[in-house]
Amino acid sequence: MKSFRRLLALQVAILIVGILTFITFSGISILKLASIYEKKHLSQISTILAKNIKLITELYPNKYLIKETMKKVVNEIPALDGICFLNESKEFCYPKHLIGKVRCKKEYEIAQLSEDNIYICIPIYEEYATQFLEKKKEGYFVAVFNNKHINQFKNFWILTGILISMFFLITGILVIVSIWIDVNVDFNKLRKFISELKSNIKQSDMNINDFKVEEIRRTAELILKLTEKISKLNDRIKKLAITDPLTGLFNRNYINMFIKTSYIPLWKRRKFPLTVAILDIDNFKSINDIYGHMKGDEVLKKFGQIIRKTIRNSDIPIRFGGEEVLIIFPSPTKEQALTAIKRIREQLIKENFGIGRPVTFSSGLSGFPSDIDSPGDLEKLIEIADQRLYKAKKLGKNRDIID
Amino acid sequence: MVKLAIFLLVFAFEVSSHAADVCIVNSYSIPPARRVETRVQEILKKHGHRIVNRNCRVKILIGTPAIVEELKKSSAYKKVYSFVLFPEKFGLEKEKNFYGVRVFPLPEKTYKRLIRKLYLEKKKVAVPISDSMISIAKIYLPEDTFSIIPFNNSPMEIFGSLLKYKYVYIFPDPKILKLVNITNLVNFCKDNNLIIFSGLGDLSKFDLDYVDKIDYEKLAEELVFLVENDSGKRILPCPCKEE
């Protein structure tokens, strides 16, 4: 609303300034043209008259003819009241009463003779046919003009100028006002539309004026936090899906989700040596049976902790069955993997589970390239390791079979 | 060593005596006068002379007003002049230190060239002259070739007398050279089969039968020649283009 009023005021101001500028320039140009008419036009008319009369006097140097010509010229031109020829020797005027009255001090300048008359002095030069003789000033030709005639013409000129200017001014104003009315109609429509829009926003309990940036910031923060939380939960769900909650080792899902899809193709491509070990806690069923499942879980939990602590990050421990753990060692030889298994055994034996004996485990190991010819067949390796585990159990448990 | 110093002194003296400080006074604003002035300046500079405004050894005067002014002064330096229609009017042929080049050829020479060019027989030439110019005209117009026909205001007064002659010469008389008068005279001559000629180069546009053409380049060279040398003649003839 404020901007609309400001625009309106600006339009009015521009219009007033425009009108004033137009009037000023028109006035100046009218007066300037009037003065040009008075000075240039009169001096040019006088020069032509001087040339013609001089020519006649030179062709026919007869004073009666000259007088008659001057008289004719004065009578034929209404604005002309008299003509004079002035030179050093004589003054020659028509009508005679001008003799002695006109004095030429400045050339081509308008001078006042009386209230009714102005005059202009045009220098007359002797014109020669050759350049060797320089032009010589002979005297002056004086044209006496009727001031009333000149003023009449000037006034007519000024009046015409004013009328034309006014016509253009009024036409201009009308055009501007009609444009302004059109624009104003559009502005009113726009204003109505804005007010309707505002009332609609109010109705839907969303006060557009009260809606603050702070609230937008808070909402954005909340959205960010929620997104972060969702992402974390997502990660956790993913982790839970592949992790055994009791031992903290990977579960069998991990084999399907990662080992089969990413690890085995990589192994096939790179053909790196790989050892698989299956660890199985000895006499675990009796622990469960005698000390209950809680003790069994405690043993399994500790077993998982020891495995995780002992092996390298690149080794992959998976809870394979009830008390069975599969470890994939991307190591060169089964012997190296065996070193890690022995360290796990040492740690586990040290643990006191309150069952009156140490907990041990048996293991079977298989590896590529010692046990299979080509990489990629993890199931075969697991199968071989499982057979060796069985062999270890059969041979009296708490031992590791590598071939 | 002494010989070398003497040689250098003599050489420097020779060079300085040859190069002169020259003043140029041009009292005419007409195009040929300005053209000659510029050309003279160029030649003088080329010859190693200096153009100065005061303390000059030689003064070049272009135009009658410059001569009139100079005659009022009494100075010892050499004066070289041109564009003076009638140097004899001021007695310049007798004035000490004044050397000039005529700006129009002597009428007799123009007459001879007319006869030669148009294969005409020699006859007396009528020359209309205004009363005020008769005394000057007599200096230039030998009686055996030219007949002076005087008039008072307009040459129309003597048109009847001109009919007795075959040739009419236009003398540089300001009254004759008025635009109206010369056009009248040329028209009259053409209408009556009179041969009209002049020595003033720029009258050729008025359809005269013969007009001498001035060689302004040569005129400038002759002015420089007079600056640099002492001429036996006080007034050199007007250089005309050979046709």
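The values are calculated or read from the model by the stated rules, or taken from the named source; none is laboratory data. Quantities reported herein were computed from a predicted structural model and do not represent experimental measurements. For neighbour counting, all protein chains shown are included, and Cβ atoms are generated from backbone atoms with ideal geometry for every residue, glycine included.
Of note:
- Some residue of the stretch B:19-41 being closer than 28 Å to residue B:142 by Cα and not in a strand (DSSP E or B): no
- Failed item, numbered, when residue B:201 is tested on (1) small (Gly, Ala, Ser); (2) under 23 Å from residue B:112 (Cβ atoms); (3) away from every other protein chain (no Cβ under 14 Å): (3)
- Any hit, the stretch B:152-165, residues being of a type in the set (Val, Ile, Thr) and within 14 Å of another protein chain (Cβ to nearest Cβ): no
- Per the listing B:176, B:149, the residue uniquely β-branched (Val, Ile, Thr), under 26 Å from the mean Cα position of the chain (by Cα), under 21 Å from residue A:59 (Cβ atoms) and within 14 Å of chain A (Cβ to nearest Cβ) is B:176.
- Only residues that are among the hydrophobic types (A, V, I, L, M, F, W, C) and within 54 Å of the chain's Cα centre (by Cα) were counted in the stretch A:144-167, giving 5.
- Scanning the stretch B:27-80 for residues that are surrounded by 15 or more Cβ atoms within 10 Å (Cβ to Cβ) and at positive phi turns up just one, B:63.
- Selection of the stretch A:342-354 for residues being part of a helix (DSSP H, G or I) and more than 16 Å from residue A:305 (Cβ to Cβ) yields only A:342.
- Every test in (1) of a type outside the set (Val, Ile, Thr); (2) over 60 Å from the mean Cα position of the chain (by Cα); (3) assigned to a helix (DSSP H, G or I) is passed by residue A:326 save one, and that test is (3).
- The stretch A:46-55, residues that are among the aliphatic types (A, V, I, L, M) and either surrounded by fewer than 18 Cβ atoms within 10 Å (Cβ to Cβ) or within 14 Å of chain B (Cβ to nearest Cβ) (or both): A:48, A:53, A:55
Rundown of residues vs (1) of a type in the set (A, V, I, L, M, F, W, C); (2) touching a strand residue (DSSP E or B) at 6+ places or on another chain (Cβ under 8 Å); (3) under 30 Å from residue A:140 (Cα atoms), yes/no style:
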residue	(1), (2), (3)
A:9	yes, no, no
A:12	yes, no, no
A:17	yes, no, no
A:20	yes, no, no
A:25	yes, no, no
A:32	no, no, yes
A:41	no, no, yes
A:48	yes, no, yes
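- Residue A:127 meets the stated requirement of being more than 60 Å from the chain's Cα centre (by Cα) and closer than 30 Å to residue B:84 by Cβ.
- In the stretch A:89-107, of all residues being buried (at least 17 other Cβ atoms within 10 Å of the Cβ) and not in a strand (DSSP E or B), the one that is farthest from the chain's Cα centre (by Cα) corresponds to A:98.
- The sole residue among A:16, A:99, A:48 that is within 30 Å of residue B:154 (Cα to Cα), without any contact (Cβ under 8 Å) to a residue 12 or more places away in the chain and of a type in the set (Val, Ile, Thr) is A:48.
Matching residues to (1) outside the structural domain of residue A:137 (by TED's automatic domain parsing); (2) in contact with a helix residue (DSSP H, G or I) (Cβ under 8 Å, 6 or more places away or on another chain); (3) not polar (S, T, N, Q):
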position: A:19; (1), (2), (3): no, yes, yes
position: A:62; (1), (2), (3): no, no, no
position: A:78; (1), (2), (3): no, yes, yes
position: A:88; (1), (2), (3): no, no, yes
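- Matching option when the condition is over 30 Å from residue A:125 (Cβ atoms) and buried (at least 17 other Cβ atoms within 10 Å of the Cβ), among A:26, A:43: A:26
- Sole exception among (1) surrounded by 15 or more Cβ atoms within 10 Å (Cβ to Cβ); (2) within 12 Å of chain A (Cβ to nearest Cβ) for residue B:141, by number: (2)
- Verdict on residue A:69 being away from chain B (no Cβ under 14 Å), touching a Ser or Thr at 6+ places or on another chain (Cβ under 9 Å), at pLDDT 80 or above and in a helix (DSSP H, G or I): yes
- Of the strands (runs of 3 or more DSSP E) lying entirely inside the stretch A:108-220, those carrying at least 2 residues that are within 14 Å of chain B (Cβ to nearest Cβ) are A:117-126, A:136-146.
Results for (1) closer than 28 Å to residue B:155 by Cβ; (2) within 14 Å of chain B (Cβ to nearest Cβ); (3) more than 60 Å from the chain's Cα centre (by Cα), shown as yes or no for each residue.
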{"position": "A:57", "(1), (2), (3)": "yes, yes, yes"}
{"position": "A:64", "(1), (2), (3)": "yes, no, yes"}
{"position": "A:75", "(1), (2), (3)": "no, no, yes"}
{"position": "A:80", "(1), (2), (3)": "no, no, yes"}
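- Some residue of the stretch B:103-115 being modelled with pLDDT under 95, buried (at least 20 other Cβ atoms within 10 Å of the Cβ), of a type outside the set (Ser, Thr, Tyr) and more than 30 Å from residue B:230 (Cα to Cα): yes
- All conditions in (1) of a type in the set (A, V, I, L, M, F, W, C); (2) crowded, with 18+ Cβ neighbours inside 10 Å; (3) outside any loop (DSSP other than H, G, I, E, B); (4) away from every other protein chain (no Cβ under 14 Å) hold for residue B:92, with the sole exception of (3).
- Residue within the stretch A:200-216 that is at pLDDT below 80, at positive phi and not basic (Lys, Arg) present: yes
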